[in-house]
Amino acid sequence: MKQIALDIGLSTGPTIANFCAGPNEAALRHMELWIGAKSNSSIDSPTRSPVATYFWGATGSGKSHLLKAAREALREQGARVGWLDASVFDAPEFSESWAAVMLDDVHLYTAAQQHTAFNWFVNAQTHQRPVLAAGDCAPVDLKLRDDLRTRLGWGHIYHLQTLSEPERRAVLRQEADARGVFLGDEVMDFMLTRFSRDLGSLMELLDLLDGYALQTQRAITIPLIKSMMDNN
């Protein structure tokens, strides 16, 4: 059965709070500490380490979620970041005003994007700015220019695992129970077969269903899900 990517006016984006760690607890703890540190140094406060962090894993493992969550957390702190992913073809020059450099989906970079990423990485090191990066394989296996590939492997490296279906079901059940929402087995099956199985997308879907059920004063059922999709 064809899965539907969730793109129906999401109310919230990736955050550390809505990252479901599963087997990736160590990566989550690392990012909680990273985000909680200060972006500007002072005598009485800790500073964010300039050592690079690289996440790798299959699609849906949460690596882009963590980078986007970090970007939003820094924005909420009033900081600016340099962001580069495979969709950015007109990247700006490195800015000393950036609190961090973030490089997503590095395995998809063109030669020009690799040049930009390397330039940002070197400048980030020079100005003691941290780098967060993500790709689909370990640094040693990346098909990138050698100077960029080796730098991505210098710091903290986390291999993210995708959650198994039983783990996804358990997380959905736990989140639904926390909201006081009942998800029947048929509804759970429908969600897992008809929508993206990325856990972040499933959590956002649950948020939307909860809100729509409250608005319509109905229980969450398959007809309610179809009704919500028809009205978006």
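Yes or no, residue by residue, for (1) among the hydroxyl-bearing types (Ser, Thr, Tyr); (2) in the same structural domain as residue 58 (by TED's automatic domain parsing); (3) closer than 24 Å to residue 15 by Cα; (4) touching a Cys at 6+ places or on another chain (Cβ under 7 Å):
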| residue | (1), (2), (3), (4) |
| --- | --- |
| 187 | no, no, no, no |
| 192 | no, no, yes, no |
| 198 | no, no, yes, no |
| 206 | no, no, yes, no |
| 212 | yes, no, yes, no |
| 225 | no, no, no, no |
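Number of residues in region 45-98 that are modelled with pLDDT of 95 or more, touching a Pro at 6+ places or on another chain (Cβ under 8 Å) and more than 24 Å from residue 20 (Cα to Cα) equals 1.
Scanning region 127-145 for residues that are assigned to a helix (DSSP H, G or I) and either of a type in the set (Asp, Glu) or in contact with a Leu (Cβ under 9 Å, 6 or more places away or on another chain) (or both) turns up 139, 141. The conditions of being of a type in the set (S, T, N, Q), over 30 Å from residue 223 (Cβ atoms), touching a residue at least 24 places away in the same chain (Cβ under 8 Å) and assigned to a loop (DSSP other than H, G, I, E, B) are met by residue 161. Which residues, counting only those in region 116-149, are under 20 Å from residue 100 (Cβ atoms), of a type in the set (Val, Ile, Thr) and free of Cβ contacts under 8 Å to residues at least 60 places away in the same chain? Across region 116-149, the qualifying residues are 116, 122, 126.
Of all residues in region 178-232, those satisfying the criterion of being among the polar types (S, T, N, Q) and part of a helix (DSSP H, G or I) are 193, 201, 215, 216, 227. None of 151, 173, 169 is assigned to a helix (DSSP H, G or I), in contact with a Phe, Trp or Tyr (Cβ under 6 Å, 6 or more places away or on another chain) and among the charged types (D, E, K, R) except 151.
Of the residues making up region 1-44, those that are of a type outside the set (Gly, Ala, Ser), under 26 Å from residue 122 (Cβ atoms) and at pLDDT 80 or above number 5. Of all positions in region 169-180, at least one carries a residue that is in contact (Cβ under 8 Å) with a residue 24 or more places away in the chain, touching a Leu at 6+ places or on another chain (Cβ under 9 Å) and farther than 15 Å from residue 21 by Cα. The residue list 106, 88, 101 contains one member that is of a type in the set (A, V, I, L, M) and either touching a Cys at 6+ places or on another chain (Cβ under 6 Å) or surrounded by fewer than 22 Cβ atoms within 10 Å (Cβ to Cβ) (or both), which is 88. Of the candidates 143, 63, the single residue that is closer than 26 Å to residue 199 by Cα and not hydroxyl-bearing (Ser, Thr, Tyr) is 63. Restricting to region 183-232, and then to whatever is surrounded by fewer than 12 Cβ atoms within 10 Å (Cβ to Cβ) and on the phi < 0 side of the Ramachandran plot, can you tell me which residue is modelled with the lowest pLDDT? Checking each candidate, the answer is 232. Restricting 136, 105 to residues that are at positive phi and touching a Gly at 6+ places or on another chain (Cβ under 9 Å) narrows the list to 105.
The values are calculated or read from the model by the stated rules, or taken from the named source; none is laboratory data. The model shown is predicted, which means the values in this text are computed figures rather than measured ones. Positions of Cβ are backbone-derived with ideal geometry, glycine not excepted, and every protein chain shown enters the neighbour counts.
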